[in-house]
Amino acid sequence: MPQIRPASQPFLTWLLVVGGALVVLAFYLGYVLLHQNAIAPDKAEATTIALIATQIATLQPTMPPPTRLPTATPTSMPRPNSCAMLKEQQPRAEDGPQTIYLQGRTAVTLYCHNMDTTPQEYLTLPATANGANYSVISYPEGAIITQYEKVRLNPSSLIVDPTDMTFATLAESLAGYNSIMGEQLEGYPVTASDFALATGCHRNQPDAPLGRANIDLTGTPFVVSPDIMFTSYGGDVQETLSEVSADGKVVNLAVNGRCGVIQPAGPIQLVYQQP
């Protein structure tokens, strides 16, 4: 029988080397392929995420910058130039002396009256306490004496209303006169006089007292206008007198007749005098 001869040693060695190399190559190629397959999805995923983030950023609403409200500039309240304006600014203000600003600038003290209804301004006359600021209707038998504690004053024009008798009273006495009071007044046609108005009714008696009137602004920051003039009228007018003090604070009037009257010829205009 023929015998099988074993392969030669060099051939076997070569076969083992080539087979080992192929195995190593196969492992290497497998590693490379697996590595690439692992990286590619990661890169694609990262790219996709970046694109999505970019789209989201563009879709986000842009928030406007915070609105800054304009800073309110504090405005000073205008100064009250009347009692009505004072009441508007200070609803709890009551009747009494109040600071009023002439033309919104010059502070003076005026008396505010009727603050709950129709506020009005009055000038308090301190000299009245000493017997001043009177209007006298004189008769031989006596006199009707009207005295003014306060006079109505327009704070805008500084004109006195001589017909406002809110703070007028009948005086019980005045030097040189016997006062006609109470029931005695029933027989007389006029029982009170306007401010700064003098009336003299002598009834043909030569010794009958003169009718008199007085304005005394002492203690106030006002004087009468230097342009003030006076007029007299009535029956048998005589003994008229009109005097204004050098400082403009005091006016004295006198008259007689049947019945004679003297008073300012126009509005009683006051002028503010800087203290």
> Over the range 138-203, what is the mean sequence separation of C-alpha contacts under 8 Å (at least six apart), divided by residue count, expressed as relative contact order in percent?
Replying inline: 44
>> Please report the net charge: other residues with Cβ closer than 12 Å to the Cβ of SER82, K and R +1, D and E -1.
In response: 0
> Exposure proxy check: ARG212, ARG92, ARG152, ARG79 ranked by fewest other beta carbons within 10 Å?
Replying inline: ARG92, ARG79, ARG152, ARG212
> Which whole-number percent gives the relative contact order of the range 93-168, counting Cα pairs below 8 Å spaced six or more residues apart?
Replying inline: 21
>> Can you tell me the length gained on complete extension of the stretch GLU141 to TYR272, counting 0.36 nm per residue apart and subtracting the Cα distance?
In response: 43.1 nm
> How much net charge surrounds ASN252 when only other residues with a Cβ under 14 Å from its Cβ are counted (Lys, Arg +1; Asp, Glu -1)?
Replying inline: -2
> Full extension from GLN89 to ARG203: what is 0.36 nm times the residue separation minus their Cα-Cα distance, to one decimal in nm?
Replying inline: 35.5 nm
>> Let me check against my output: what whole-number percent is the relative contact order of the range 125-272, with C-alpha pairs under 8 Å and at least 6 apart?
In response: 27
> For the range 70-177, what is the per residue volume of the convex hull drawn over the alpha-carbon atoms, in cubic angstrom?
Replying inline: 119
>> Students often check this: by mean Cβ neighbours within 10 Å, which of 167-176, 129-138 ranks highest, and how do the rest follow?
In response: 129-138, 167-176
>> Can you give the local net charge around TYR101? Use residues other than it whose beta-carbon is closer than 13 angstrom to its beta-carbon, Lys and Arg +1, Asp and Glu -1.
In response: +1
>> I need TYR188, TYR101, TYR122, TYR111 ordered by Cβ neighbour count within 10 Å, fewest first.
In response: TYR188, TYR101, TYR111, TYR122
> Computed over the Cα atoms of the range 95-251, what is the ratio Rg over Rh, Rh following Kirkwood?
Replying inline: 1.00
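None of the figures in this text is laboratory data; all of them are computed from the coordinates on show. Note that this is a predicted model, so its numbers are computed, not measured. Methodologically, a virtual Cβ is constructed for each residue, glycine included, from the backbone with ideal geometry; neighbour enumeration extends over all protein chains shown.
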